[in-house]
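The values are calculated or read from the model by the stated rules, or taken from the named source; none is laboratory data. Note that the structure is predicted; figures quoted are calculated from it, not measured. Positions of Cβ are backbone-derived with ideal geometry, glycine not excepted, and every protein chain shown enters the neighbour counts.
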Amino acid sequence: MLRALVLGVIVLAALKLFVSWLEPHAVFFPSRGEQDTPARLGIPFESLRLRVDDGIEISAWQLEPESPTADIVYFHGNGGNLSLWLPVFATLHHFGYRVLAVDYRGYGTSDGRPSERGLYADAEAVARHAFANRQPGRPLLYWGRSLGGVIAAAAAREVPPDALILESTFADKACVLRGNPVMRALNVFASYRLDTVEHLRRFAGPILVVHAERDSVIPFRCGRELYERLGGWKTFVTLQDGDHNDLYDVRNSGYWKPIHAFIEAL
């Protein structure tokens with residue numbers, strides 16, 4: 001009996017250690033370096049280094065249109081770096097939005113290695129910079145895409161914006177794992193929660209939730225669950241066409257029309 005108990009404790013401890021190692025590798029897929037910049041597209045921008053409270057320095061781009069109508073802080077997904085997401089920023093710039101985009105720790109040329117708590121600290125540092133440098137009379141929005149949704153929510157918890165756009169994201173990590181029995185079992189030993197709803201419990205501003213019906217990465221039901229669990233002024237947009245990574249094309253009016261309307265209403 002004692003031997004079985006000791007063996008059980010060893011197995012549980014081993015599972016805990018394994019999951020602690022697995023979590024960052026399963027959640028974050030950063031690319032190091034900088035392969036492209038807005039300058040190649042003729043877009044004026046400023047390359048920034050922002051210091052986080054724990055001493056880490058992270059990289060960011062500030063894209064400057066001629067007559068901006070809104071300030072957007074963009075939190076990208078879990079893969080790549082700023083260079084990979086340049087087409088998204090260029091499209092936002094095309095529409096006249098002033099964009100501050102950040103590479104989390106461990107991504108691009110930012111210091112450190114990614115972790116849930118670390119990325120939340122990065123988000124707060126970026127949000128404080130954006131708030132301190134916002135222009136009177138223009139709305140300040142946080143836009144979180146995929147994993148960036150929970151990071152944008154964490155930023156809003158500390159430095160509330162005028163509004164939030166949550167694209168192709170989820171209520172919490174448990175929703176994403178619901179269809180995978182093995183990952184659900186391992187989640188018992190996990191420390192990451194990635195709880196978007198909890199971060200937004202006290203957020204009172206308007207929220208636009210956008211999700212593709214055929215999203216093959218973050219299930220559509222996770223976007224609906226996020227929307228249903230949020231309080232306050234909220235809007236849900238179902239995208240009939242497209243998947244997780246092909247929505248932002250400038251010609252995709254079904255995607256951009258509700259976004260423009262949401263921002264203009266502010």
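Assorted remarks:
- Residue in the range 1-9 that is in a loop (DSSP other than H, G, I, E, B), over 16 Å from the mean Cα position of the chain (by Cα), surrounded by fewer than 17 Cβ atoms within 10 Å (Cβ to Cβ) and modelled with pLDDT under 95 present: yes
- Looking across the range 140-157, just one residue is touching a strand residue (DSSP E or B) at 6+ places or on another chain (Cβ under 7 Å) and charged (D, E, K, R), and that is R145.
- When the criteria are applied in full, R224 fails the requirement of being modelled with pLDDT under 95 and basic (K, R).
- Residue count for the range 201-229 satisfying the condition of being closer than 18 Å to L147 by Cβ and assigned to a loop (DSSP other than H, G, I, E, B): 5.
- Residue count for the range 242-262, restricted to those that are charged (D, E, K, R), within 24 Å of A171 (Cβ to Cβ) and at pLDDT below 85: 1.
- The set of residues in the range 49-69 being touching a residue at least 60 places away in the same chain (Cβ under 8 Å) and either farther than 30 Å from H260 by Cα or over 19 Å from the mean Cα position of the chain (by Cα) (or both) consists of R51, V52, D53, D54, I56, P68, T69.
- Residue list for the range 125-153, filter: within 26 Å of A212 (Cα to Cα) and either of a type in the set (D, E, K, R) or within 10 Å of the chain's Cα centre (by Cα) (or both): Y142, W143, G144, R145, S146, L147, G148, G149, V150, I151, A152, A153
- Residue selected from the range 185-200 under the condition part of a loop (DSSP other than H, G, I, E, B) and modelled with pLDDT of 95 or more, by the criterion nearest to the chain's Cα centre (by Cα): D195
- Just one residue in the set V217, V176, V209 is closer than 21 Å to H25 by Cβ, crowded, with 18+ Cβ neighbours inside 10 Å and in contact (Cβ under 8 Å) with a residue 40 or more places away in the chain; that residue is V176.
- Among the candidates D122, D103, residue that is over 15 Å from T37 (Cβ atoms), at pLDDT 95 or above, under 16 Å from the mean Cα position of the chain (by Cα) and not aliphatic (A, V, I, L, M): D122
- Note on the range 39-80: residues that are over 22 Å from A123 (Cα atoms) and either of a type in the set (F, W, Y) or not in a loop (DSSP other than H, G, I, E, B) (or both) total 3.
- Test: residue in the range 30-45 that is under 19 Å from G149 (Cα atoms) and of a type outside the set (V, I, T): yes
- Options I263, I259; residue that is part of a helix (DSSP H, G or I), out of contact with any Pro (no Cβ under 9 Å at 6 or more places or on another chain) and buried (at least 17 other Cβ atoms within 10 Å of the Cβ): I259
- Selection status of D243, in a loop (DSSP other than H, G, I, E, B), crowded, with 20+ Cβ neighbours inside 10 Å and touching a residue at least 12 places away in the same chain (Cβ under 8 Å): no
- Residues located in the range 154-181, provided they are aliphatic (A, V, I, L, M), over 12 Å from the mean Cα position of the chain (by Cα) and part of a helix (DSSP H, G or I): A174, V176, L177
- Taking (1) touching a residue at least 40 places away in the same chain (Cβ under 8 Å); (2) out of contact with any strand residue (DSSP E or B) (no Cβ under 7 Å at 6 or more places or on another chain) in turn, R128 satisfies each apart from (1).
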